[in-house]
Amino acid sequence: MNLLSKKLWSYSLACLIGMASFWGGSSFAAQNVKISFDQYHGYNGTENYINKVAQTYPNITKLIEIGKSNMGRPIHVLVISNMNNGTTIDKYVKLTNKRKEGVNNVTPMESYQGKPGHWICGAVHGNEYTGTEVCLYIIDNLVSGYGSDNEITKLIDTKTFYICPMVNPDGVYNSIERGLSQRSNSEMKDNDGDGKINEDGPDDLNKDGSITQFRYKDPKGEYVIDDEDPRLMVRLGSDETSAKQKYSVIREDKDNDGDGKYSEDSESGIDLNRNFPEGWFQDNGMAGGSGDFPTSAPESRAVVEFLTNHRNVYMAQFYHTSGGFTYRPMGTAPHSQMHAKDVAVFDFILGKKYLEIIGEEVPEAWQKPDSLAKFKEELKKTSKNKYAIDRGYVLPHGWRVSYDEERDRRYSYGMAADWAYKQYGTYSLCIELWNPAKDIPNFPEIEGDETRLKTQRALLKYQDEKHGGIYFVPWKRYKHPEFGEGEIGGWKSQYSGGNAYPGEPLLKVCENHWQYELFRAGLLPEVEIKDTRTNVLYTTDNVSGATVTQKGDQITVKKGLSQGKYKIVEVTVNIENTGKLATHVAEGSQLAGLREDVVWLIGDHKKITFLQGDPFQKLGVLEGQMEIPAYKDMANSEQGQQRMQQRRPGYPEGSDRLEDENRQPQKGPKREIKWVIAVEGAAPLTVVVTSQKGGTKVKNLTIQ
Ligand SMILES: [Zn+2]
């Protein structure tokens, strides 16, 4: 089997979903660890795969356990980057903990932390394992493409991917391996206070490996059998009546502890996507709630700790599954709380590309950013959404915020993507991956009311035709210990429609989102040392006799003796961010945990004296090569002005923050830095430019 057919064999359905994208990807690459997407991998399959990849590709991958779930399952991040290149600042400048002087307690950095980083994770919600599959697909394309596809090879050489397929491994295990759909994490908790832990969860009464449903005849029941497809149960509206037989429908479950309640003490714990520190609040510990405090869950804590210790991440992705659209930040606040530049990057660059990839119409305003004023005027007449008017566009279906702009109130809280943007400084997204109407070929157009029912019918039909009907368990008589005669049946919970169906639909979702993350990786900043020059001005025996003054870029030297053992040297370094976006997200440049880009001139202390310029020079934030559409308009708008004047609590006025107007940092993607130094003999010099998110680069200098 040649390389191409190998790839096509594993993606046996590739031809059906458009070859073009495959030719553009890593089609010619060797797939040394086989993977296909004709079934879900679940917890065990995912663990097997990422372990095999790490063993097979030691030069470009590293598997890290970033924490353990409550049930003791590892939370794994697969790092993908060339492990044999790259460097970090601590190899040149010793990092110490200022509060514990003399103690060498700063963890050494890995070389891949010196490259711009891209975080991608799935299954924050355990029953949204499409995200896990997309992570595996991305891993496969990256490792298989290395060495054969130029774009992928360059990305792995110069960037770092952190891929965490299962943030919530317990949720994935229960959802797939046990057939018990579980959104939250698992907790060892006595929810009903009877002294026993997790003793009354749902039950696989008929032992078929999936928690389905139990229906029984009940005059007070709220369900009737669907006329069109008698396998489906239809819920009657509150004022709806029917002459048909009524049923009650419950989850497959019994009362294990005899307290008259069902699933009141299951393994299911808290909603991890409400347990992150941004906008978190206590929702009284309700089941599926936000937890006792931000990052109280080991899973969300592992993610926050890992990212906090890996500051190079610039792009972040938190996959979910329901709907086929993106939530960009924020959920807890309107866009007036975001930096105007970030709003422009999110919508005009990231949003536009996303809509193009999923095949949705791009708002006219995004295509004509120069006409925003006109769009604002038009919106004033038609919209009551003040945020839409302020921007000049209503956010489209496919690219939205969970903040309720119409009612001006927050919808959600403690969300991972909000935290990763607002407190950590990334262009983070929460993509809801799956929309059957778009991702299943020839899915009937669903209109009018009863969309849920119509979708269910279409899904049933699809799985009948493509999968022999095995996703739905036919109703079968069962005598329930508490409810008596009835039937067990319904969707197998793994395939109940919340996730992309294996095969063609899943491959389409995977391919679209691989292409999208490739696009995002292509926007990462990249700091480079473009040019270095050394110019010996004169030599002297007495350094203290050498004086230098600098005004702008003019350096004046008062000569010492014309001969001597010290060379007085002017060093010029040109630095540029050759990446498309700035070295910090605009919001990130204000965060206490982030620092501006810096350049060091390093040499032997005993042989080098700095006459002009400190060894360490601040560069501010280097802008990227890409012009940000509409940014100026955004910044000048009412909301934008409001935002610019705000400071986050805790930042003292006039402090050395990057947005301090008085400092007037240099603008643009380029910097020219000069030093004048006295060098004894032929002491070697090293220039190290280091940007937390734009990478670390080094160049050795020789003085002629
Ligand atoms: Zn979700």
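Bear in mind that the values in this text are calculations on the coordinates, not laboratory data. Just so it is clear, the model here is predicted, and its values are computed rather than measured. Because the Cβ atoms are built from the backbone with ideal geometry, glycine has one as well, and the counts that use them run over all protein chains shown.
Using the number of other C-beta atoms within 10 angstrom as an exposure proxy, rank M188, M83, M109, M626 with the fewest first. Write out the running numbers ahead of the final one.
Working: M188 10, M83 17, M109 20, M626 14.
Listed from fewest to most nearby Cβ atoms, that is M188, M626, M83, M109.
Given Cβ point charges of +1 (Lys, Arg) and -1 (Asp, Glu) and nothing else, what value in debye, to the nearest 20, does the dipole of segment 270-416 about its Cα centre take?
Here segment 270-416 has a charge dipole of around 380 debye.
Out of A678, Y411, P441, whose Cα points farthest toward the positive end of the dipole of the chain (charges: +1 Lys, Arg; -1 Asp, Glu; placed on Cβ)?
The residue sitting farthest along the positive end of the dipole is A678.
Of the listed pairs K207/K246; K670/K697; K62/K91, which have alpha-carbon separations greater than 22 Å here?
As for pairs spanning more than 22 Å Cα to Cα, those are K207/K246.
Go through segment 527-536 residue by residue and turn each phi into a ³J(HN,Hα) via Karplus (6.51, -1.76, 1.60, θ = phi - 60°); whole Hz please, and just put x for glycine and proline.
The phi angles translate into 7, 9, 8, 7, 7, 10, 9, 10, 9, 6 Hz.
If the cut-off is 21 Å between C-alpha atoms, which lysines fall inside it for K384, apart from same-chain ones fewer than 8 positions away?
Those lysines meeting the cut-off are K374, K376.
If you fit an axis through the alpha-carbon atoms of helix 298-309 and take the longest principal axis of the Cα set of the chain, what angle between them do you get, 0 to 90°, nearest 10?
The angle comes out at about 20 degrees.
Using +1 at the C-beta of Lys and Arg and -1 at the C-beta of Asp and Glu, which of L460, H339, A123 has the Cα lying farthest in the positive direction of the dipole of the chain?
Most positive-ward Cα: H339.
Kindly state, to the nearest 0.05, the FRET efficiency for I703 paired with T382, given R0 = 51 Å and r defined as their beta-carbon distance.
Details: r = 67 Å, r/R0 = 1.32.
It comes out at approximately 0.15.
Contact order normalised by length for segment 402-559, with contacts defined as Cα pairs under 8 Å and 6 or more residues apart; what percent is it?
It rounds to 13 percent for segment 402-559.
By its C-alpha gyration tensor, with a ≥ b ≥ c as the square roots of the eigenvalues, how is segment 437-553 shaped: rounded for a/c under 1.5, else prolate for a/b larger than b/c, else oblate?
prolate
By DSSP, what percent of the beta bridges with both residues in the chain are antiparallel, rounded to the nearest 5?
The antiparallel fraction comes to roughly 85 percent.
Step by step: find N for the chain, compute 2.2 N^0.38 Å, then divide the Cα radius of gyration by it. What's the final number? Present the calculation step by step, with values, prior to reporting the outcome.
Details: Rg = 29.2 Å, N = 704, 2.2 N^0.38 = 26.6 Å.
Taking N as the residue count of the chain, the ratio is 1.10.
So what is the relative contact order of segment 152-266, in percent, for Cα pairs below 8 Å that sit 6 or more residues apart?
Relative contact order comes out at 27 percent.
Calculate the spin-label point distance for E364 paired with D449, positioning each point 7 Å from the Cα along the beta-carbon direction, and give it in nanometres.
Result for the modelled spin labels: 3.4 nm.
Roughly speaking, what is the stretch gain from Y538 to K196, that is 0.36 nm per residue apart minus the C-alpha to C-alpha distance, in nm to one decimal?
Value of the extension gain: 114.8 nm.
Shape call for segment 460-506 from the C-alpha gyration tensor, a ≥ b ≥ c root eigenvalues: rounded (a/c under 1.5), prolate (a/b greater than b/c) or oblate?
Prolate, since a/c reaches 1.5 and a/b exceeds b/c.
Using modelled amide H (1.01 Å from N, peptide plane; none on Pro or chain starts), what sits under 5 Å from the amide H of K530, excluding residues fewer than 5 places away?
The list, which skips near neighbours in sequence, is N574, I575, E576.
Just name one of G86, P74, L63: the one whose Cα is farthest towards the positive end of the charge dipole of segment 39-105 (beta-carbon charges, Lys/Arg +1, Asp/Glu -1).
The Cα lying farthest towards the positive end belongs to G86.
From Cα pairs below 8 angstrom and at least 6 apart in sequence, can you work out the relative contact order of the chain, rounded to a whole percent?
The normalised contact order for the chain reaches 14 percent.
For a quick protection proxy, order the peptides 575-583, 123-131 by their average other-Cβ count within 10 Å, most packed first.
123-131, 575-583
Can you tell me the length gained on complete extension of the stretch T96 to A333, counting 0.36 nm per residue apart and subtracting the Cα distance?
Working: separation 237, 0.36 × 237 = 85.32 nm, distance 3.69 nm.
Difference between extended and current length: 81.6 nm.
Between K632 and A243, take the C-beta separation as r, use R0 = 60 Å, and let me know the FRET efficiency to the nearest 0.05.
After rounding to 0.05, the efficiency reads 0.40.
Provide the gained length on full extension for the span D227 to D614, in nm with one decimal, where the gain is 0.36 nm per separating residue minus the Cα-Cα distance.
Going from the current span to full extension adds 131.3 nm.
Taking the Cα centre of segment 28-140 as the origin, how large is its charge dipole in debye, to the nearest 20, when only Lys and Arg (+1) and Asp and Glu (-1) carry charge on their Cβ atoms?
Values: 11 positive and 9 negative charges, 120 e Å.
I would put it at about 580 debye.
What's the magnitude of the charge dipole for the chain around its Cα centre, counting Lys and Arg as +1 and Asp and Glu as -1 at the beta-carbon? Answer in Debye, nearest 20.
I would put it at about 3040 debye.
How would M330, M634 line up from fewest to most surrounding beta-carbon atoms within 10 angstrom?
Going from least to most buried by this count: M330, M634.
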